[in-house]
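Q: The structure that follows is given in the form of structure tokens.
The values are calculated or read from the model by the stated rules, or taken from the named source; none is laboratory data. In this text the structure is predicted, and so the values were computed from the model without any measurement. Neighbour counts are summed over all protein chains in view; Cβ atoms, including those assigned to glycine, are modelled from backbone coordinates with ideal geometry. Heavy atoms of the whole protein, side chains included, go into the accessibility calculation; ligands, DNA and RNA do not. Shrake-Rupley method; radii C 1.70, N 1.55, O 1.52, S 1.80 Å.
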Amino acid sequence: MSETNKLVIFDCDGTLVDSQHIIIEAMQATFDKVGLPRLEDMRIRSTVGLSVLEAITMLRPDDDAKAIEEMSDVFKREFYRMRVEEAAQPDPLYPGTREAIRSLQDAGYLLGVATGNSQRGLARVIHEHDLDGVFVTLQTADGHPSKPHPSMIHTAVAEAGADITSTIMVGDTSYDMMMARSAGSHAVGVKWGYHSESELLEGGAHHLLEAYSELPPIAELLGGNT
């Protein structure tokens, strides 16, 4: 890969930070606000990583588009209220995140993010964890179709001047794995997130990580292979 940059793209929620609790709480509050029964937390957890509209559509498949859009707006207000107005604590980084990032940077990799989160939400995560300037490309649900559409990866690769066949997507859900496969990049799943090992493999994961310490050698293995 001498003529192009080496790129590793991370999902955010469930991969870099553990954000499930506030997402679940905001979704349950949304159902309360619109007068719908609450769902099991695990059902909501399984949609983390999708855009808000796609997540609610999956949770409420029989509702019409107008109702889904209204619930999406309510969710965004509830999430903002909990995160900003009530000053919820930052979602914690998973163990080994910083070390893996430093190791990849030292090895010459460019880093990016592709997330179902909003631009504002991702910016907050980056600022809260002092990661400003770490990522050369930031792709969010604001400017793309929901995962598993490959748009976010294709745009990230173009912005970074990388090669899709040696780009690595790191994520915790089957949506991340399917997005990577659809884009033509490597799909690396993490076992500490919100989808099971079997779901990651069914989504097309090439490799699964037990811990972030495994990522740099896996990146080196995959980076020169198509």
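Q: Tell me, what HN-Hα J-couplings in whole Hz come from the Karplus equation 6.51 cos²θ - 1.76 cosθ + 1.60 at θ = phi - 60° for each residue of the stretch 57-69, using x for Gly and Pro?
A: 4, 5, 6, 10, x, 8, 7, 7, 4, 5, 5, 4, 5
Q: To continue, here is another question. Going from most exposed to least, what order do D41, D11 have by accessible area with a 1.4 Å probe?
A: Correct descending sequence by accessible area is D41, D11.
Q: Counting other Cβ atoms within 10 Å, keep those with at most 14, restrict to DSSP loop, and tell me which GluC sites (Glu not before Pro) in the stretch 47-122 are left.
A: Answer by residue number: E86.
Q: Here's something else I'd like to know. Let me check against my output: what whole-number percent is the relative contact order of the stretch 112-218, with C-alpha pairs under 8 Å and at least 6 apart?
A: Relative contact order, the stretch 112-218: 19 percent.
Q: Reachable lysines from K76, Cα under 25 Å, same-chain residues fewer than 8 places away excluded?
A: Within the straight-line cut-off, K76 pairs with K33, K66, K147.
Q: What does the accessible area of I56 come to, in Å² to the nearest 10, when a probe of 1.4 Å is used?
A: The value for I56 is about 0 Å².
Q: Rolling a 1.4 angstrom probe over the protein chains, ignoring ligands and nucleic acids, what is the accessible area of V34 in square angstrom, nearest 10?
A: Using a 1.4 Å probe on the heavy atoms, I get roughly 60 Å².
Q: Another question about this same structure. How large is the dipole of the chain about the Cα centre if only Lys and Arg carry +1 and Asp and Glu carry -1, each at its Cβ, rounded to the nearest 20 debye?
A: Working: 18 positive and 35 negative charges, 39 e Å.
Approximately 180 debye in magnitude.
Q: Take the alpha carbon gyration tensor of the stretch 147-226, find the square roots of its eigenvalues, order them as a ≥ b ≥ c, and report rounded if a/c is under 1.5; if not, report prolate when a/b exceeds b/c, else oblate.
A: In terms of gyration-tensor shape, oblate.
Q: Can you grab the distance from the C-alpha centre of the stretch 1-48 to the C-alpha centre of the stretch 179-226, Å, no decimals?
A: After rounding, the separation between the Cα centres reads 18 Å.
Q: Let me ask something additional. Would any residue of the stretch 177-211 have its amide N under 14 Å from a label point 7 Å out along Cα→Cβ of Q89? List them or say none.
A: Of the residues in the stretch 177-211, none has backbone N under 14 Å from the label point off Q89.
Q: Per residue, how much accessible area does the stretch 57-138 have with a 1.4 Å probe, in Å²? Could the numbers behind the result be given before it?
A: Numbers: 4560 Å² over 82 residues.
With all protein chains present, the stretch 57-138 gives 56 Å² per residue.
Q: Let me ask something else. What is the sum of charges, Lys and Arg at +1 and Asp and Glu at -1, for the other residues whose Cβ falls under 13 Å from the Cβ of R60?
A: Here the charged neighbours net out to -3.
Q: Now for a separate question. Read phi for every residue in the stretch 40-56 and hand back ³J(HN,Hα) as whole Hz from Karplus 6.51 cos²θ - 1.76 cosθ + 1.60, θ = phi - 60°, with x for Gly and Pro.
A: 5, 4, 5, 5, 5, 4, 5, 9, 4, x, 7, 5, 4, 4, 5, 5, 5
Q: Give me D for the chain in µm² s⁻¹, whole number, from Stokes-Einstein with Rh from the Kirkwood sum over alpha-carbon pairs, 10 °C and 1.306 mPa s. All intermediate terms of the calculation are to be shown ahead of the outcome.
A: Details: Rh = 17.7 Å.
This corresponds to a translational diffusion coefficient of 90 µm²/s.
Q: Spin-label point model (7 Å from Cα, Cβ direction): what's the D130 to E70 distance in nm?
A: Simple spin-label model gives 4.6 nm for this pair.
Q: Ok, one more. In the stretch 142-226, which GluC sites (Glu not before Pro) fall in coil by DSSP and have 14 or fewer other Cβ atoms within 10 Å?
A: Answer in residue order: E210.
Q: Probe 1.4 Å, all protein chains in place: accessible area of M152 in Å², nearest 10?
A: Accessible surface of M152 is approximately 0 Å².
Q: Hey, can you grab everything whose amide H is under 5 Å from the amide H of F10? Only 5+ residues off in sequence or another chain; H modelled, so Pro and N-termini drop out.
A: For F10, whose amide H was placed from the backbone, the distant partners under 5 Å are G112, V113, A114, V170.
Q: How about the stretch 11-68: which trypsin sites (Lys or Arg not before Pro) there lie in a loop by DSSP and see at most 14 other Cβ atoms within 10 Å?
A: Listed in order of number, the matching sites are R38.
Q: Given H placed on each backbone N at 1.01 Å, which residues far from K191 in sequence or on other chains put an amide H within less than 5 Å of it?
A: The answer is L209.
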